[in-house]
2 protein chains.
Amino acid sequence: MLKTRLKEFRAKHNMSQETLARLVGVRRETIGHLERGNYNPSLKLAWDISKVFNVSIEEIFQYTEEE
Amino acid sequence: MLKTRLKEFRAKHNMSQETLARLVGVRRETIGHLERGNYNPSLKLAWDISKVFNVSIEEIFQYTEEE
DNA sequence: TATTTATGTTATATAATTCTAACAAGATGA
DNA sequence: TCATCTTGTTAGAATTATATAACATAAATA
């Protein structure tokens, strides 16, 4: 199961889904779905997002055994 | 552009594509395509592979601006 | 030599991500 | 109140990852 701290990072940076989406070249809805755990991103998207916040991928995304 | 050190890590661990594929639950061909840069993996696959080698995702996969 | 192992490669199918477009609603501020 | 911003949500299309099934070949090894 994918756990993401995306919303938390966005809040910390005072950044809207729309702004983040534009920065990484996807749609706002994609960010929203991601935050709500609707699907697992591509490595590229995860990479781009982590670069925006200047942290490692693992700091934002973690997989855990179910729950 | 995606650069991967997958083949290198496999060699270091003396592990075949087939074995790695089974460990992370994908097909051998998927590992092969990945090593040859045929496509970008899902975050889940990248995560699982990095766990096999006990390193961070970024140690195995890196995106660079073209080349 | 014969056989097994590892990898490359390709074509088609399936599943998942992402796009696109739309509507709704709460919060905020003029 | 009215307008704007932000997020939720949904349905269908488009794109991409991955599965599946073949066949080929080179290396290793019995």
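The values are calculated or read from the model by the stated rules, or taken from the named source; none is laboratory data. All values derive from a computational prediction rather than experimental measurement. Note that we place each Cβ from the backbone using ideal geometry, even for glycine, and neighbour counts take in every protein chain shown. Quick note on the areas: whole protein, heavy atoms, side chains included, nothing else; ligands and nucleic acids left out. Shrake-Rupley method; radii C 1.70, N 1.55, O 1.52, S 1.80 Å.
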Please specify each residue of the stretch B:4-53 satisfying the condition of being more than 12 Å from DNA strand C (Cβ to nearest atom), open to solvent by 80 Å² or more (accessible area, probe 1.4 Å) and within 13 Å of chain A (Cβ to nearest Cβ).
B:51
Within the stretch A:1-37, how many residues turn out to be among the β-branched types (Val, Ile, Thr) and in a helix (DSSP H, G or I)?
4
Take residue A:6 and decide whether it is more than 9 Å from DNA strand D (Cβ to nearest atom), free of Cβ contacts under 8 Å to residues at least 40 places away in the same chain and not β-branched (Val, Ile, Thr).
no
Checking residue A:31 against (1) away from DNA strand D (no atom under 12 Å from the Cβ); (2) β-branched (Val, Ile, Thr); (3) farther than 22 Å from residue B:54 by Cα, the condition it does not meet:
(1)
Restricting attention to the stretch B:54-67, report how many residues are of a type in the set (Val, Ile, Thr), under 14 Å from residue B:2 (Cα atoms) and exposed (fewer than 15 other Cβ atoms within 10 Å of the Cβ).
1
Looking at the stretch A:24-45, I want the residues that are among the hydroxyl-bearing types (Ser, Thr, Tyr) and have a partner that is part of a loop (DSSP other than H, G, I, E, B) and open to solvent by 70 Å² or more (accessible area, probe 1.4 Å) with Cβ atoms under 7 Å, at least 6 apart or on another chain. Which pairs are those?
A:42/B:40
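Rundown of residues vs (1) in contact with a Phe, Trp or Tyr (Cβ under 8 Å, 6 or more places away or on another chain); (2) farther than 17 Å from residue A:45 by Cα; (3) not polar (S, T, N, Q), yes/no style:
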| residue | (1), (2), (3) |
| --- | --- |
| B:17 | no, yes, no |
| B:42 | no, no, no |
| B:51 | no, yes, yes |
| B:54 | no, yes, no |
| B:61 | yes, no, yes |
| B:64 | no, no, no |
Scan the stretch B:49-59 for residues that are of a type outside the set (Ser, Thr, Tyr) and either touching a residue at least 60 places away in the same chain (Cβ under 8 Å) or out of contact with any Leu (no Cβ under 8 Å at 6 or more places or on another chain) (or both) and jot them down.
B:51, B:53, B:54, B:55, B:58, B:59
Of A:65, A:35, A:18, the only residue that is at pLDDT 95 or above and over 10 Å from the mean Cα position of the chain (by Cα) is A:18
